[in-house]
Structures are given as structure tokens and as C-alpha cells.
Amino acid sequence: MSVVKRQRTCAVCGAPFADGEQAELEPLIDGVIRYLAVHPGHSTWRRSYEEELPKAS
């Protein structure tokens with residue numbers, strides 16, 4: 001069984017995956033290596049410091 005079918009929803013936004021929808025996998029290491037399914041472009045990882053800085057105008 002695939003991670004997407006087993007998990008059924010995105011680990012980031014909680015929205016369900018549509019049938020046949022592509023998903024990305026992210027590792028979760030909490031003593032055991034597991035994989036989470038997320039929508040493309042979503043990430044469970046915190047954005048880098050540079051991405052959080054306000055843009056200069």
C-alpha cells in the first residue's frame with residue numbers, strides 16, 4: 001500500500017489527496033525513519049532564515 005493511500009491527507013495542510021494525484025514524500029525521523037506524504041510544494045520543514053526575512057523594497 002502506498003503512503004498516499006495509507007495516509008489519505010497531506011501532512012502539512014490536511015487536505016485529502018485526489019485519486020491519482022501526485023504527492024511528494026518527506027522523511028520524518030523520530031527514532032524510526034518514516035515517510036509523510038505532502039502535496040507538491042508543501043513541506044514539513046521550516047523555511048530557511050533567509051526566506052523569512054522581509055524583502056527590501
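With assigned to a loop (DSSP other than H, G, I, E, B) and acidic (Asp, Glu) as the only criterion, which of 26, 21 stands out? Steps first, answer last, please.
Values: 26 fails: assigned to a loop (DSSP other than H, G, I, E, B).
Sole residue among the options that is assigned to a loop (DSSP other than H, G, I, E, B) and acidic (Asp, Glu): 21.
Among the residues of region 26-40, how many are farther than 11 Å from residue 7 by Cβ and either surrounded by 12 or more Cβ atoms within 10 Å (Cβ to Cβ) or of a type in the set (A, V, I, L, M, F, W, C) (or both)? Break it down into steps so the answer makes sense when it comes.
Start the filter on region 26-40 by keeping residues that are farther than 11 Å from residue 7 by Cβ, which leaves 26-33, 39-40.
When the remaining residues are screened for being either surrounded by 12 or more Cβ atoms within 10 Å (Cβ to Cβ) or of a type in the set (A, V, I, L, M, F, W, C) (or both), the result is 26, 28-29, 32-33, 39.
Residues flagged as farther than 11 Å from residue 7 by Cβ and either surrounded by 12 or more Cβ atoms within 10 Å (Cβ to Cβ) or of a type in the set (A, V, I, L, M, F, W, C) (or both) within region 26-40 amount to 6.
Just name the residue that is surrounded by the most Cβ atoms within 10 Å (Cβ to Cβ) out of those in region 15-25 that are more than 10 Å from the chain's Cα centre (by Cα) and free of Cβ contacts under 8 Å to residues at least 24 places away in the same chain. Walk me through how you get there before you give the answer.
Start the filter on region 15-25 by keeping residues that are more than 10 Å from the chain's Cα centre (by Cα), which leaves 15-22.
From the residues that got through so far, the ones that are free of Cβ contacts under 8 Å to residues at least 24 places away in the same chain too are 16-22.
Values: 16: 11, 17: 19, 18: 7, 19: 7, 20: 6, 21: 12, 22: 9.
That would be 17.
We did not get these values from a lab; they are worked out from the coordinates using the rules stated. Keep in mind that what you see is a predicted model, and the values were worked out from it rather than measured. Every residue, glycine among them, receives a Cβ derived from its backbone with ideal geometry; neighbour counts consider all protein chains shown.
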